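Here the structure comes first, spelled out in structure tokens, and everything after it is commentary.
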Amino acid sequence: MHLYSTNNPGVRVTFQEALFKGLPADKGLYMPSALPVLPEDFIQRLEKYSFQEIAFRIAEHLLMGEIPGNALEAIIEQAVSFPAPLVELDSNTFILELFHGPSMAFKDFGARFMAQTMAYFNKETDRDLYILVATSGDTGGAVAAGFHNTPGIHVVILYPSGKVSPLQEKQLTTLGGNVAALEVMGTFDDCQALVKQAFLDEDLNTAMRLSSANSINIARLIPQSFYYFEAWKQLPYYDLPVVFSVPSGNFGNLTAGLMAKKMGLPVSRFLAATNANKVVPEYLETGKYNPRPSVRTISNAMDVGAPSNFARMQDLYGSTWNAMRADIAGFSFSDEQTRDAMQALEKKNGYMLDPHGAVGFLAFREYQKHVEPVQGIILETAHPAKFREDVSQIFGHEIDLPLRLLELTDKQKISVVIPPVYSAVKDWLMEYSKGR
Ligand SMILES: *Cc1c(COP(=O)(O)O)cnc(C)c1O
């Protein structure tokens, strides 16, 4: 597999290089130099394949031999180890539940594939790898669970003390083993700055092999294209155009959908569903891209004012506004609309959406008003219980914690409290890596 940089089409790197580097030196984003169309009979006969078989076929098709078949099979088996069921709300409306993984959000797919592919290439060296992650909550949980027990790889998570939810904190601090949590007496921005400084510290980089698990890593996008095919496979009929509604923040999930379409999945349209942070819907409507600071909403994993994958979306459409508009329709909804939609759907169908999925649901209902009949697949990006405090309040009753989250509440938190000072991080890392 070869990838170029969105800032320089002349750059050519392998998947392995893009995986460990994360970002090209020119600050662009890595893009596959080809997204070849999958064989038509594969797409026509998706229902004959398991989710893992679908994932394997797509990964094999994209990686083009960079990881041999038997190793890739083992990677997929570990990475795609939970289902993505399609739930029917009515005959034209389906929910794709992406929350059946360990951290109960779709980010598990990306984090696990990334962990497994890193572990595969890391076998070639005898030096341990240290993944540094700053998190405001969600990403850290997925990365921690994704890399847990991966041989030769350690994960060090920096999170702002008192600024992640109690449940999120447990996801970061109770795994132990190769996952360590640094509880920083500061803000998320402090955590991010500390991680950045560590990557620039020559001293530290000589002492230990460092890498990131950044959300813009191409290894997190590739597996997200798998479940668009898996969703398609589960549709009960195929005689209406199919649209995917994607609750979006950094637009990685939606970009993975665009890649699935390039590889031959016959999607009619994608809906870019956002909260009040609506720079992409605005661009789709006006042709003007105006990134700006984010505003806080109840779907806070989508509170992004300058979506990092916008450069990839532009790249896929040769920066042509009309071409992008033909494939993607943009929508934005307020917190009040989101709450109303959650309540109304629970009342009508007994189905509880989380605030992110609810934005996707609203986008599909709005889209339906303006077009001939279509089938909609709404990506439900997290389990509602992940946001238990907010969500219980919205529904007016406590919501049950699934077993996976319930188990966490009894587990003992283990973290290392540090001041938001670089020397504290460095000293700890140096000590931690000794004798490993
Ligand atoms: C990260 C996240 C999103 C946004 O996904 P992007 O790929 O950044 O657009 C939506 N919902 C949930 C629950 C998330 O954790």
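Some observations on this one:
- Of the strands (runs of 3 or more DSSP E) lying entirely inside segment 83-148, the ones with 2 or more residues being buried (at least 19 other Cβ atoms within 10 Å of the Cβ) and more than 17 Å from the chain's Cα centre (by Cα) are found at 93-97, 129-134.
- Where Leu429 falls short, out of the listed (1) closer than 20 Å to Ala301 by Cα; (2) in a helix (DSSP H, G or I): (1)
- Residue that is nearest to Gly330 (Cα to Cα) [pool: residues in segment 233-259 that are more than 8 Å from the ligand (Cβ to nearest atom) and of a type in the set (Phe, Trp, Tyr)]: Phe244
- Of all the listed residues (Leu362, Leu353), the sole one being outside any helix (DSSP H, G or I), surrounded by 17 or more Cβ atoms within 10 Å (Cβ to Cβ) and under 26 Å from the mean Cα position of the chain (by Cα) is Leu353.
- Checking each residue in segment 239-271 for being touching a Pro at 6+ places or on another chain (Cβ under 9 Å) and farther than 27 Å from Pro291 by Cα picks out Leu240, Pro241, Val242, Met263, Gly264, Pro266, Val267, Ser268.
- Test: Thr187 is within 20 Å of the chain's Cα centre (by Cα) and not small (Gly, Ala, Ser): no
- Criterion: under 30 Å from Thr14 (Cβ atoms), of a type in the set (Gly, Ala, Ser) and assigned to a helix (DSSP H, G or I) - qualifying residue of Ala198, Ala193: Ala198
- Exactly one residue among Met352, Met324 is of a type in the set (A, V, I, L, M, F, W, C) and touching a helix residue (DSSP H, G or I) at 6+ places or on another chain (Cβ under 6 Å), and that residue is Met352.
- Residue list for segment 309-334, filter: touching a strand residue (DSSP E or B) at 6+ places or on another chain (Cβ under 8 Å) and without any contact (Cβ under 8 Å) to a residue 60 or more places away in the chain: Gly330, Ser332
- Near pairs, Cβ below 8 angstrom, 6+ apart or cross-chain, from segment 288-308 (within 15 Å of the ligand (Cβ to nearest atom)) to any residue that is at pLDDT 90 or above and among the basic types (Lys, Arg): Ile298/Arg339; Asp303/Arg296; Gly305/Arg292; Ala306/Arg292
- Screening the candidates Thr338, Thr320 for the property of being of a type in the set (S, T, N, Q) and within 13 Å of the ligand (Cβ to nearest atom) yields one hit, Thr338.
- Taking (1) within 21 Å of the chain's Cα centre (by Cα); (2) buried (at least 24 other Cβ atoms within 10 Å of the Cβ); (3) more than 27 Å from Ser50 (Cα to Cα); (4) touching a residue at least 60 places away in the same chain (Cβ under 8 Å) in turn, Gly249 satisfies each apart from (4).
- Figure legend. Inter-residue proximity from segment 23-39: first residues free of Cβ contacts under 8 Å to residues at least 60 places away in the same chain, second residues surrounded by fewer than 18 Cβ atoms within 10 Å (Cβ to Cβ) and in a strand (DSSP E or B), beta-carbon distance below 9 Å, spacing 6+ or different chains. Indicated pairs: Pro24/Asn8; Asp26/Asn8; Ser33/His2; Ser33/Pro9; Ser33/Arg12; Ala34/His2.
- Test: Arg220 is within 13 Å of the ligand (Cβ to nearest atom) and in contact (Cβ under 8 Å) with a residue 24 or more places away in the chain: yes
- Qualifying residue in segment 203-217 (condition: farther than 24 Å from Phe147 by Cα, aliphatic (A, V, I, L, M) and surrounded by fewer than 19 Cβ atoms within 10 Å (Cβ to Cβ)): no
- Filter result (modelled with pLDDT under 90 and closer than 25 Å to His148 by Cβ) within segment 178-195: Phe188, Gln192
- Per-region count, segment 367-394, residues β-branched (Val, Ile, Thr) and assigned to a helix (DSSP H, G or I): 2
- Qualifying positions in segment 114-144 - within 28 Å of Met352 (Cβ to Cβ) and among the hydrophobic types (A, V, I, L, M, F, W, C): Ala142, Val143, Ala144
- Where Gln171 falls short, out of the listed (1) in a helix (DSSP H, G or I); (2) at pLDDT 95 or above: (2)
- Residue, surrounded by the most Cβ atoms within 10 Å (Cβ to Cβ), within segment 373-403, restricted to residues that are among the charged types (D, E, K, R) and in contact (Cβ under 8 Å) with a residue 40 or more places away in the chain: Lys386
- As for segment 272-287, it holds at least one residue that is away from the ligand (no atom under 15 Å from the Cβ), assigned to a loop (DSSP other than H, G, I, E, B), more than 23 Å from Ile43 (Cα to Cα) and out of contact with any Pro (no Cβ under 6 Å at 6 or more places or on another chain).
The values are calculated or read from the model by the stated rules, or taken from the named source; none is laboratory data. Only a predicted model underlies this, so the values are computations on that prediction, with no experimental measurement involved. Counting neighbours? That spans all protein chains shown, and the Cβs are built from the backbone with ideal geometry, glycine included.
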